[in-house]
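The values are calculated or read from the model by the stated rules, or taken from the named source; none is laboratory data. These numbers come from a predicted model, not from an experiment. Methodologically, a virtual Cβ is constructed for each residue, glycine included, from the backbone with ideal geometry; neighbour enumeration extends over all protein chains shown.
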Amino acid sequence: MSQRQLVSYSFYKVDRSWRLRPEDERAADKKEFVEVVNRLADEMLIRTYTTVGTRGDTDFMIWRATEDPALLTRAAADINHTRLAPYLTMPYHYLAMTRRSIYVTRHRHPGQEGTRTRLRPSGAPYLIVYPFVKTRPWYMLPLDERQKMMDTHIEVGHKYPSVKINTTYSFGLDDQEFVVAFETDNLADFLDLVMELRETAASSYTLRDTPTFTCQSMDLAEALELIG
């Protein structure tokens, strides 16, 4: 795939019945689950996040990226074989791929020089993730017209340097067209950025950009402790 990565965003929910298990059994479940995910991190990029307190329908998220599609399948299978798996559901899962943007040619954020075909998470404490779909009329517009609107869009983004965007593409791979993941250490900046972007011309061509997940970066063991 010419060094492009497949990227998955897996949101998990733990069934409330798991909290009724004896404490020693829950501890063993969590220990095994963390060990399995940590082993996978030796072969692919993995970041873990909690959504406890920010979403009612999910508890934690695992962000993965790899050049090998088979690794994503194996990662899911390994998790399915854990003792915690019978108590897990996955209310949301998004599959996407990295690629160079046709609109970003002159604009560069610090640390994003060169190729955009590999994810380089910044380690920011928050990640806001959502699927994104443009209207069909957007793609009927001449490229130079779309570029002008995107230039304005990008200029607004540059006013908020605390927010870094990771855009991945899902055309033909999943139900959405893009999955965007914004890293930031300031949620207020992100809120203000989105409000300002609503006033740009490009936003009128947005068909769907929900559900939205505000995730807090956290070691997986700690994220599981928040659940029970």
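Could you say which residue among L127, L173 is within 29 Å of N38 (Cα to Cα) and touching a Cys at 6+ places or on another chain (Cβ under 6 Å)?
Working: L173 fails: touching a Cys at 6+ places or on another chain (Cβ under 6 Å).
It is L127.
Picking from S122, S170, which residue would you name as being within 19 Å of P211 (Cα to Cα) and out of contact with any helix residue (DSSP H, G or I) (no Cβ under 8 Å at 6 or more places or on another chain)? Working first, answer last.
Values: S122 fails: within 19 Å of P211 (Cα to Cα).
When all the criteria are applied, what remains is S170.
If R47 satisfies every condition in (1) in a loop (DSSP other than H, G, I, E, B); (2) in contact with a Pro (Cβ under 6 Å, 6 or more places away or on another chain) but one, which is the exception?
Status for R47: all satisfied but (1).
Within region 153-182, which residues are over 24 Å from F11 (Cβ atoms), in contact (Cβ under 8 Å) with a residue 40 or more places away in the chain and surrounded by 14 or more Cβ atoms within 10 Å (Cβ to Cβ)? Spell out the reasoning first.
Taking region 153-182 first, the residues over 24 Å from F11 (Cβ atoms) are 153-162.
Of the ones still in play, those that are also in contact (Cβ under 8 Å) with a residue 40 or more places away in the chain are 153-154, 156-158, 161.
Result: H153, I154, V156, G157.
Within region 121-152, how many residues turn out to be surrounded by 12 or more Cβ atoms within 10 Å (Cβ to Cβ), under 30 Å from P91 (Cβ atoms) and not aliphatic (A, V, I, L, M)?
10
Under 6 Å between Cβ atoms, at least 6 apart or on separate chains: pull out the pairs that start in region 205-228 with a residue that is touching a residue at least 60 places away in the same chain (Cβ under 8 Å) and end on any residue that is assigned to a helix (DSSP H, G or I) and of a type in the set (K, R).
Here the result reads L224/K30; G228/R19, each pair linking region 205-228 to a residue that is assigned to a helix (DSSP H, G or I) and of a type in the set (K, R).
So, Y160, is that one of a type in the set (F, W, Y) and either modelled with pLDDT under 95 or closer than 19 Å to Q5 by Cα (or both) or not?
It is false that Y160 is of a type in the set (F, W, Y) and either modelled with pLDDT under 95 or closer than 19 Å to Q5 by Cα (or both).
What are the pairs with Cβ atoms under 7 angstrom where one residue, in region 83-103, is modelled with pLDDT of 95 or more and the other, located anywhere, is exposed (fewer than 14 other Cβ atoms within 10 Å of the Cβ) and not charged (D, E, K, R)? Sequence gap at least six, or different chains.
Taking only residues 6 or more apart or on different chains, the pairs are Y87/S17.
Please verify whether region 212-220 includes one or more residues that are part of a loop (DSSP other than H, G, I, E, B), closer than 25 Å to Q5 by Cβ and β-branched (V, I, T).
Scanning region 212-220, I find at least one residue that is part of a loop (DSSP other than H, G, I, E, B), closer than 25 Å to Q5 by Cβ and β-branched (V, I, T), so the answer is yes.
Can you pull out the residues in region 74-102 that are closer than 24 Å to P121 by Cα, surrounded by fewer than 17 Cβ atoms within 10 Å (Cβ to Cβ) and hydroxyl-bearing (S, T, Y)?
If the condition is that a residue be closer than 24 Å to P121 by Cα, surrounded by fewer than 17 Cβ atoms within 10 Å (Cβ to Cβ) and hydroxyl-bearing (S, T, Y), then S101 is the only one that fits.
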